[in-house]
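Working notes, beginning with the structure itself.
Every number here is computed from the coordinates shown, using simple stated rules; none is lab data. None of these values were measured; they are calculated from a predicted model. Note: ideal-geometry Cβ built from the backbone for every residue, glycine included; neighbour counts use all protein chains shown.
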Amino acid sequence: MTSTLTVLGSCGAWPEPGRACSGFVLEHDGYRVVLDLGYGAAGRLFELLGASDGRGVDAVVISHRHPDHAVDLHALFRARWFGARGEAPLPVYAADGVREVVLALEDGRPDAVDTVFTWRRLPGAYDVGPLRLTSYGLPHWVPNAGVRLECDRFVLAYSGDTGPCDELTSLARGADLFVCEASDRQQRDDVPPAPETGLHLDARAATAAAVAAGARRLLLTHFWPGNDRELSRRRASQVYDGPIELADEGLVLTLP
């Protein structure tokens, strides 16, 4: 059976027209895991599922609480609350603060939110259907968990948002596919500098992490809106000689 990763959204911060923020779907052995649901990703997920009620998702992983990664988890909650309330609770593996985002958007109703979702804390290690999930705390402004999903056929690593760190190497070690942010915020002269450094990656830093980890293939994502994505690829290729993909809405990659 073919295993695939589908890109729902590729933007960081906010979505460009026609795009969405961070979101991915991993399908393996009949099991479907969603990785992040930022602005605009839920509608693309429902299109992939062929169901507006959110049926067909087996688990959700949310790297951190920033809205470009987490806000559309509330859309998935509403789809299942109003359209599939009789279904078993959906497991959500999430960093600290994600549940509180959904609660705040649903008027602080844990009776509803905790009926639709069951919560598992990240970082942590879990069996997720046919996959093994291992996660690492990575540096960001809020708690962020990089996630490694593996089975006997492949290893997929996903950074969420992060700055350079040793844990990133552990996360992506030997990965068949490393999905890594390359915000490249500094490409844009009109974008104010981040208030703190070392909490995001550019394309060169992302590929340096891939090289250090021995990752076999790299998928760059989380592009700042308006960026020249091909420029990010060219800069990445100066560091990494493996296959480099650019996340694009609707892109489907086969694993391994």
Q.
Give me the dipole magnitude in Debye, nearest 20, for segment 1-54 about the Cα centre, with unit charges on the beta carbon: positive for Lys and Arg, negative for Asp and Glu.
A. 100 debye
Q) Just 145, 84, 41 to compare: in a GNM of the chain, with alpha carbon springs under 10 Å, which one fluctuates most? A) 84
(Q) Could you tell me the relative contact order of segment 6-147? Use alpha-carbon pairs under 8 Å, at least six residues apart, and round to a whole percent. (A) 19 percent
Q: Answer rounded, prolate or oblate for segment 38-106, using the Cα gyration tensor with square roots of eigenvalues a ≥ b ≥ c: rounded when a/c is under 1.5, else prolate when a/b is larger than b/c, else oblate.
A: prolate
Q) Ranked from highest to lowest mean number of other Cβ atoms within 10 Å per residue, what is the order of the peptides 28-34, 247-253? A) 28-34, 247-253
Q) So what's the projected area for the chain, the Cα convex hull averaged over all directions, in nm²? A) 12.6 nm²
Q. What does the charge dipole of the chain about its Cα centre add up to, to the nearest 20 debye, if the Cβ of each Lys and Arg holds +1 and the Cβ of each Asp and Glu holds -1?
A. 300 debye
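Using Cα pairs under 8 angstrom and six or more residues apart, how large is the relative contact order of segment 3-255, in percent?
17 percent
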Q. What is the set of long-range amide H partners of residue 93 at a cut-off below 5 Å, with H atoms built 1.01 Å from backbone N?
A. 60, 61, 62, 120
(Q) I'd like the distance between the alpha-carbon centres of segment 46-118 and segment 202-250, rounded to an integer number of Å. (A) 30 Å
Q) Most fluctuating residue of 204, 132, 65 in a GNM of the chain with Cα springs under 10 Å: which is it? A) 132
Q | For the chain, built as a Gaussian network whose Cα springs stay under 10 Å, the top-fluctuating residue of 241, 202, 36 | A | 241
Q: For every helix of n ≥ 4 consecutive DSSP H residues, a contribution of -39,500 (n - 2.57) applies; sum these over the chain, divide by its total residues, and give [θ] at 222 nm rounded to the nearest 500 deg cm²/dmol.
A: -7000 deg cm²/dmol
